Amino acid sequence: MLLHGPPGHPVHPPLTDVAIGAYTVAVALGILGALGVSEDAMGKAMWLALLVGLAGGVLAALTGLAELLRIERGTDTYKTGVLHGAMMAAGTVLFVLAAFLQYDGFHDGRVTTGGLVLTLLGYVALGVGGFLGGSLVFRHGMRVEKSEP
């Protein structure tokens with residue numbers, strides 16, 4: 001129950017909000033810094049936001065994997081879940097690489113080109129993965145409980 005949550009209230013979706021929010025902040029800070037808006041502060045804060053996103057992403061990934069393991073193999077829902085997980089894993093790899101490249105920017109007070117590019121690519125993967133995750137709920141009805149009239 002800890003990794004899944006009670007019926008109708010899965011733990012996975014709210015945990016994804018931590019990562020999505022932090023990555024959104026990292027993108028905004030990176031763009032602002034690259035445009036010259038207080039680049040010193042933006043470069044430092046961007047790296048910290050990436051770390052928060054990665055930490056939140058670990059919790060989201062653990063609960064997402066727990067959900068995936070409950071789906072019957074071979075079904076369309078399972079296939080969509082695997083694609084969702086793969087896109088989120090690809091995005092996470094991009095964000096890890098972005099944090100690695102932005103680390104120098106954290107110390108130097110700048111937004112690195114590599115850090116920004118990989119953050120933007122990670123954000124695209126995050127969007128595609130999120131679309132697939134939404135499909136699991138809204139198209140496949142995963143973890144949706146019928147309400148009583």
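For (1) crowded, with 16+ Cβ neighbours inside 10 Å; (2) out of contact with any Leu (no Cβ under 7 Å at 6 or more places or on another chain); (3) under 14 Å from MET88 (Cα atoms); (4) polar (S, T, N, Q), each residue gets a yes or a no:
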{"site": "PHE100", "(1), (2), (3), (4)": "no, yes, no, no"}
{"site": "TYR103", "(1), (2), (3), (4)": "no, yes, no, no"}
{"site": "THR112", "(1), (2), (3), (4)": "yes, no, no, yes"}
{"site": "GLY115", "(1), (2), (3), (4)": "yes, no, no, no"}
{"site": "TYR123", "(1), (2), (3), (4)": "yes, yes, yes, no"}
{"site": "GLY127", "(1), (2), (3), (4)": "no, yes, yes, no"}
{"site": "GLY134", "(1), (2), (3), (4)": "no, yes, yes, no"}
{"site": "ARG139", "(1), (2), (3), (4)": "no, yes, no, no"}
{"site": "GLU145", "(1), (2), (3), (4)": "no, yes, no, no"}
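Among residues of the range 121-132 that are closer than 13 Å to THR16 by Cβ, those with a beta-carbon under 7 Å from a residue that is aromatic (Phe, Trp, Tyr) at least six positions away or on a different chain give the pairs LEU126/TYR23. Only a single criterion out of (1) out of contact with any Ser or Thr (no Cβ under 7 Å at 6 or more places or on another chain); (2) acidic (Asp, Glu); (3) over 30 Å from GLU145 (Cβ atoms) is not satisfied by ASP17, namely (3).
Being modelled with pLDDT of 95 or more and surrounded by fewer than 23 Cβ atoms within 10 Å (Cβ to Cβ): is that true of LEU29 here? For LEU29, the condition - modelled with pLDDT of 95 or more and surrounded by fewer than 23 Cβ atoms within 10 Å (Cβ to Cβ) - is not met.
Within the option set ALA61, ALA89, ALA45, being out of contact with any Gly (no Cβ under 7 Å at 6 or more places or on another chain), buried (at least 16 other Cβ atoms within 10 Å of the Cβ), in contact (Cβ under 8 Å) with a residue 12 or more places away in the chain and within 15 Å of ILE20 (Cα to Cα) holds for one residue only, ALA61.
The values are calculated or read from the model by the stated rules, or taken from the named source; none is laboratory data. Note that the coordinates shown come from a computational prediction; the quantities given were computed from them, not determined experimentally. Reconstructed Cβ throughout: ideal geometry from the backbone, glycine too, with neighbour counts over all protein chains shown.
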